[in-house]
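Taking it in order: structure first as structure tokens, then the write-up.
The values are calculated or read from the model by the stated rules, or taken from the named source; none is laboratory data. Please read these numbers as outputs of a predicted model, since none were measured by experiment. Counting neighbours? That spans all protein chains shown, and the Cβs are built from the backbone with ideal geometry, glycine included. Side chains included, ligands, DNA and RNA excluded: accessible areas come from the protein's heavy atoms. Shrake-Rupley method; radii C 1.70, N 1.55, O 1.52, S 1.80 Å.
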Amino acid sequence: MNREPLLQVEHLKVYFPVRKSKIGEKQRYVHACDDLSFTVYRGEVFGIVGESGCGKTTTGKALVKIVKPTSGVIRYGGKDIYRDLTREEAFAFRRKMQIIFQDPYSSLDPRFTVRRIIQEPMDIHREGTPEERRQRVEQLMRDVEMRPEQLTKFPHEFSGGQRQRIGIARALALNPEVIVCDEPVSALDVAIQAQVLNLMCDLQDKYSLTYIFVSHNLSVVKHICNRIAVMYLGQFVELADTQTLFRHPMHPYTVGLLEAIPVPDPRVPSLLAGLDGDVPTPIDPPPGCRFCSRCPYATEECRRQAPQMQEMEPGHFVACHHSR
């Protein structure tokens, strides 16, 4: 893997205002992403994992300019994509980063044929001649292992797995460098998940892609990711390469997630007791460690002071007072 930094995120925060219930009430915010910093290298698959509601999808949407950050910096090619780009440069940036959405049923316009769905990005960006666009669309259909003859059909005529392949083809239409994959296989059955994941690996090699892979399924990210960031309540608690994270997790939350992976052997006892307790509200997160209400090792220091990400081993970062 090339260690050339492609995307750099510094102190990213995304807050959503909560509707006030009465006049004079202080404005409160949902802390969806709270001070995230990380680097994505060219050609890698960077995974973001965590429970539902932890802010994974919001992070991905901020990277592709669907959600505007409250503060922080996102640099692509050395330029802040929210502050340094002119209108023309911002329009060109859309070609570089694309997204594959989670739900293959609602992410495709039911009124459009498959050809129009895949070709629409090329029409907007005036990519090539009409004949070149037509040929490009047909080639993309072959790339995602579908037939060009299906281009005249509508989304409702396809299965979930086929729809997601169409979504992948649409994401590839403008030859992007980075694709944010927002739980692209979570809505598919297990057999189809494996096919789509293998397809994505083949396409990464063919098109020299960089993936940011958002998921709550650790078995999936273990298969496809080079590095993994574990997210809890809007913050990263651990970041390491995949082998290190699965072999030697340091944060109690990461340990609990790994213990929750189902083992296909009834003789192996369940280890799900490690994640008891309630998740704090993201509107008023606790002042200290956000995991302390569920952590068996929590101390008064954890409740009072938020831990900072520290490099415990080369390339292995952990935010935990207990792991020091």
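A few points about this structure:
- Ala187 being of a type in the set (A, V, I, L, M, F, W, C) and not in a helix (DSSP H, G or I): yes
- Tally, over region 197-235, of residues that are open to solvent by less than 10 Å² (accessible area, probe 1.4 Å), part of a strand (DSSP E or B) and over 13 Å from Glu183 (Cα atoms): 6
- Considering Gly47, Gly77, the condition of being under 11 Å from the mean Cα position of the chain (by Cα) and either closer than 25 Å to Glu127 by Cα or open to solvent by less than 40 Å² (accessible area, probe 1.4 Å) (or both) is satisfied by Gly47 alone.
- Inside region 281-306, residues that are open to solvent by less than 90 Å² (accessible area, probe 1.4 Å), in contact with a helix residue (DSSP H, G or I) (Cβ under 9 Å, 6 or more places away or on another chain) and over 19 Å from Thr254 (Cα atoms) make up a count of 1.
- Flag if Glu259 is modelled with pLDDT of 90 or more and of a type in the set (Asp, Glu): no
- Residue list for region 153-178, restricted to those being surrounded by fewer than 22 Cβ atoms within 10 Å (Cβ to Cβ) and assigned to a loop (DSSP other than H, G, I, E, B): Lys153, Phe154, Phe158, Ser159, Leu174, Asn175, Pro176, Glu177
- Among the residues listed as Gly72, Gly60, Gly53, the single one being on the phi > 0 side of the Ramachandran plot and either assigned to a helix (DSSP H, G or I) or surrounded by fewer than 17 Cβ atoms within 10 Å (Cβ to Cβ) (or both): Gly53
- Members of region 238-256 found to be more than 13 Å from Gly315 (Cβ to Cβ), within 20 Å of the chain's Cα centre (by Cα) and surrounded by fewer than 21 Cβ atoms within 10 Å (Cβ to Cβ), listed by number: Phe246
- Unmet criterion (only one of (1) open to solvent by 20 Å² or more (accessible area, probe 1.4 Å); (2) more than 30 Å from Glu157 (Cβ to Cβ); (3) part of a helix (DSSP H, G or I); (4) of a type outside the set (A, V, I, L, M, F, W, C)) for Arg94: (2)
- Selection over region 179-196 of residues that are open to solvent by less than 40 Å² (accessible area, probe 1.4 Å) and either more than 13 Å from Glu145 (Cα to Cα) or in contact with a strand residue (DSSP E or B) (Cβ under 8 Å, 6 or more places away or on another chain) (or both) gives a count of 9.
- Test for Gln310: is it open to solvent by 40 Å² or more (accessible area, probe 1.4 Å), within 21 Å of Leu36 (Cα to Cα), touching a Phe, Trp or Tyr at 6+ places or on another chain (Cβ under 7 Å) and without any contact (Cβ under 8 Å) to a residue 24 or more places away in the chain: yes
- All positions within region 1-50 that are small (Gly, Ala, Ser) and part of a strand (DSSP E or B): Ala32, Ser37, Gly47
- Taken over region 234-249, the residue count meeting the criterion of being of a type outside the set (Asp, Glu) and touching a His at 6+ places or on another chain (Cβ under 7 Å) is 4.
- Glu145 vs. criteria more than 24 Å from Asp189 (Cβ to Cβ) and part of a loop (DSSP other than H, G, I, E, B): no
- Flag for Pro104 being crowded, with 20+ Cβ neighbours inside 10 Å, within 22 Å of the chain's Cα centre (by Cα) and under 22 Å from Ala62 (Cβ atoms): no
- Restricting Glu88, Glu120, Glu138 to residues that are part of a helix (DSSP H, G or I), of a type outside the set (A, V, I, L, M), open to solvent by 30 Å² or more (accessible area, probe 1.4 Å) and under 20 Å from Leu203 (Cα atoms) narrows the list to Glu138.
- In region 70-92 there is at least one residue matching the filter, namely being within 30 Å of Leu258 (Cβ to Cβ) and of a type in the set (A, V, I, L, M, F, W, C).
- Gln150 vs. criteria buried (at least 19 other Cβ atoms within 10 Å of the Cβ), out of contact with any Phe, Trp or Tyr (no Cβ under 6 Å at 6 or more places or on another chain) and assigned to a helix (DSSP H, G or I): no
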